[in-house]
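J.: One structure follows; several queries about it will come next.
The values are calculated or read from the model by the stated rules, or taken from the named source; none is laboratory data. Since this is a predicted model, take the numbers as computed values, not measurements. Glycine also receives a Cβ, built like all others from the backbone with ideal geometry; neighbour counts cover every protein chain displayed.
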Amino acid sequence: MDTTTIDFDLVVELFLLLLIGIGPKIALVPFLEATAGLDAATKGLVIRKMLTTATVVAVLLVLFGELLTRLLHFSTGALAVAGGIVLLIIAVAMVLGLGDGSKAHAKVTETDPMRLAVFPLSIPYLLNPVGIVVLVTISAEAGSVGRLGLVIGLLALVLAIDVVVFRWANKVSERLDESRMLVTEKVFGFLLAALAVQLVLTGLDSVGVIHLVDH
């Protein structure tokens, strides 16, 4: 991803990456499962905590991502490999159904809903490995305040979409077709697995372990 120049293609690419990285799709089904036994008011508090946590962490990554790479001595390529591996684990769990919805419903009564809002709903489901990789990479390679401003603007747009989707889901959760939601989760999980592999390949190419041929 070339962030040295700002053009329409870059804006669209960044928006789509942020929509995957901090958008509602990965977190929506886990949110519905984890909050199934809660009343509407508590669900609203969970949504607010989840979105607030993801927003704060995302902004911090944009502002201090470059500093983190220097202090912790890792490259954006290494981050991409690590992010790809973690995302692949999440994708495999989505596809194979390693999570048991009934157990999740039972645990929600034993766990503080606000803790669930932070982990795992906010991180790593809402702000997932793709989002972390993208935000830190942009922070490290943006090179100007204008580009960082563009990213923050796109991030605000994606978060606004999150607010709309999760509030809608909160209001109509009892009428959502669970089987259809599960099917879309499986399909999207498979696509995420492909994205995870691509992240690993891109990271390996960035650090010089392999060389990807551009088509």
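J.: Which helices (runs of 4 or more DSSP H) does region 1-98 wholly contain that include 2 or more residues that are among the hydroxyl-bearing types (Ser, Thr, Tyr)?
T.: Ranges flagged: 40-71.
Each row is one residue, and each column tells you yes or no for (1) more than 22 Å from residue 84 (Cβ to Cβ); (2) at pLDDT below 90.
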position: 152; (1), (2): yes, no
position: 160; (1), (2): yes, no
position: 178; (1), (2): yes, yes
position: 199; (1), (2): no, no
position: 203; (1), (2): no, no
position: 212; (1), (2): no, yes
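J.: Can you tell me which of 60, 32 is within 25 Å of residue 193 (Cα to Cα) and either under 18 Å from the mean Cα position of the chain (by Cα) or modelled with pLDDT under 95 (or both)?
T.: Answer to the selection: 32.
J.: Could you figure out which of (1) among the small types (Gly, Ala, Ser); (2) touching a Lys or Arg at 6+ places or on another chain (Cβ under 9 Å); (3) under 25 Å from residue 10 (Cα atoms) isn't true of residue 122?
T.: (3)
J.: Please find, within region 119-150, the residue that is farthest from residue 17 (Cα to Cα) out of those that are in contact with a helix residue (DSSP H, G or I) (Cβ under 8 Å, 6 or more places away or on another chain) and polar (S, T, N, Q).
T.: 122
J.: Of everything in region 151-180, what is surrounded by 15 or more Cβ atoms within 10 Å (Cβ to Cβ) and over 30 Å from residue 136 (Cβ atoms)? Give them in sequence order.
T.: 170, 173
J.: Further question on the same structure: Going by what's in this entry, would residue 142 be described as under 14 Å from the mean Cα position of the chain (by Cα), crowded, with 16+ Cβ neighbours inside 10 Å and not β-branched (Val, Ile, Thr)?
T.: no
J.: Would you check which residues across region 163-215 are free of Cβ contacts under 8 Å to residues at least 40 places away in the same chain, under 23 Å from residue 127 (Cβ atoms) and either aromatic (Phe, Trp, Tyr) or not in a helix (DSSP H, G or I) (or both) and list them?
T.: Of everything in region 163-215, just one residue is free of Cβ contacts under 8 Å to residues at least 40 places away in the same chain, under 23 Å from residue 127 (Cβ atoms) and either aromatic (Phe, Trp, Tyr) or not in a helix (DSSP H, G or I) (or both), namely 168.
J.: Please enumerate the residues belonging to region 137-175 that are touching a Leu at 6+ places or on another chain (Cβ under 7 Å) and more than 29 Å from residue 64 (Cβ to Cβ).
T.: Listed by number, the residues that qualify are 169, 173.
J.: Consider only pairs whose beta carbons are under 7 Å apart and that are at least six residues apart or on different chains; among these, list those whose first residue lies in region 23-41 and is of a type in the set (Lys, Arg) and whose second residue is surrounded by 17 or more Cβ atoms within 10 Å (Cβ to Cβ).
T.: Matching pairs, first to second residue: 25/188.
J.: Determine whether region 2-20 contains at least one residue that is farther than 30 Å from residue 172 by Cα, free of Cβ contacts under 8 Å to residues at least 24 places away in the same chain, β-branched (Val, Ile, Thr) and out of contact with any Phe, Trp or Tyr (no Cβ under 6 Å at 6 or more places or on another chain).
T.: The answer is yes, given that some residue of region 2-20 is farther than 30 Å from residue 172 by Cα, free of Cβ contacts under 8 Å to residues at least 24 places away in the same chain, β-branched (Val, Ile, Thr) and out of contact with any Phe, Trp or Tyr (no Cβ under 6 Å at 6 or more places or on another chain).
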